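Here is the structure we will look at.
Nothing in this text is a laboratory measurement; each read-out follows from the coordinates by a stated rule. Predicted model only: the values in this text are computed from it and were never measured. Note that each Cβ is placed from the backbone with ideal geometry, even for glycine, and that neighbours are counted across all protein chains shown.
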Amino acid sequence: MTCRCGESSRAPAKHSFRRTVAGTTFTATADVESCAGCGDVYVPSSLMLAFERAVAGELARRGPISDETFRWIRKAAGVERGELAQVLGVTPETIAGWESERRPIDHAAWRLVAGMVLDGVEGPRAVRTRLKVPHRPASTNAALGSEHALELPPGGMIARVLSLLAGPIDFTDADIADSLELDLAALRAQLRELAALGLIHASPVPQSGDAERWSPSTRDPAALLRAAAAAGVELDAPIARPPRKGDGVAHARPTSSTWRATSS
Ligand SMILES: [Zn+2]
């Protein structure tokens, strides 16, 4: 992609996220790219979404239960006031009251919405295990402290591919190439290398069309990334992107090796 300044090469950069909710400032830092010409930093929308979800996840996990956190987690869960009101058998005005401190919040409603957020962040879990979350009303505000650093999912391309494979949804390689804007042939070459290390394996279930399905050795994304790092996989290594019309030679990136040289 060519920057509006005309430059098409990019340089590595850092981006800091910062957001204050209910008295706690959440921060995170991520590796991104910037324009080598004008220095404009590109923050992918997927990364912004990951940060918002990480904030909502912390609030849903630890509270405090308050008008502000309720509004935040409801929006993160993607539920409209009217929709939630119907499920709970209350009026949308009641929910508006919870979200503006006019009415005491219904704690069961707060936990329902928190559970929806955590389903997305942590994957589905039994409601029982979630009820162990300590009860923290806003008044006691023993919440997160004034500043709280969040860990974002690793930004490297191989790390993103592994995280997708370990996630709750079964993606094909064609899905992954699509969503991460990667060249399918280059992605497959990487997947075969990861398979050779025993980190993933081709699914025996045949896939219709050109797509192939790959299964991770573990469904725990953090464990899969640790195993990959232990096997010497360079999680930040790029994977070639498909050439685009109108792009010059400058865009054609070499597929660098996924592996760090290991001394034998
Ligand atoms: Zn530029």
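At a glance:
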quantity	calculated
The stretch 178-188 - phi-based ³J(HN,Hα) in whole Hz, Karplus 6.51/-1.76/1.60, Gly and Pro as x	5, 6, 9, 6, 10, 6, 4, 5, 5, 4, 4
Kirkwood hydrodynamic radius over Cα pairs of the stretch 7-95, then Stokes diffusion coefficient at 25 °C and 0.890 mPa s, in µm²/s	160
Size of charge dipole - the stretch 157-235 - debye, nearest 20, with Cβ of Lys, Arg +1 and Asp, Glu -1, no other charges	320
Cut-off under 5 Å, modelled amide H: who pairs with residue 203 long-range	213, 214, 215
From phi via Karplus (6.51, -1.76, 1.60), per-residue ³J(HN,Hα) for the stretch 5-16 in Hz, x at Gly/Pro	7, x, 7, 10, 8, 10, 10, x, 8, 10, 10, 9
Interchain or long-range residues, amide H under 5 Å from residue 21's placed H	26
Amide proton proximity set for residue 42, modelled H, under 5 Å, gap of 5+	33, 34, 35
Whole-Hz couplings from phi, Karplus 6.51/-1.76/1.60, listed for the stretch 105-117; x for Gly and Pro	6, 6, 5, 5, 5, 4, 5, 4, 5, 4, x, 5, 5
Extent along principal axes [Cα atoms of the stretch 157-235; Å; largest to smallest]	34, 23, 22
Cα centroid of the stretch 1-19 to Cα centroid of the stretch 29-99, whole Å	25
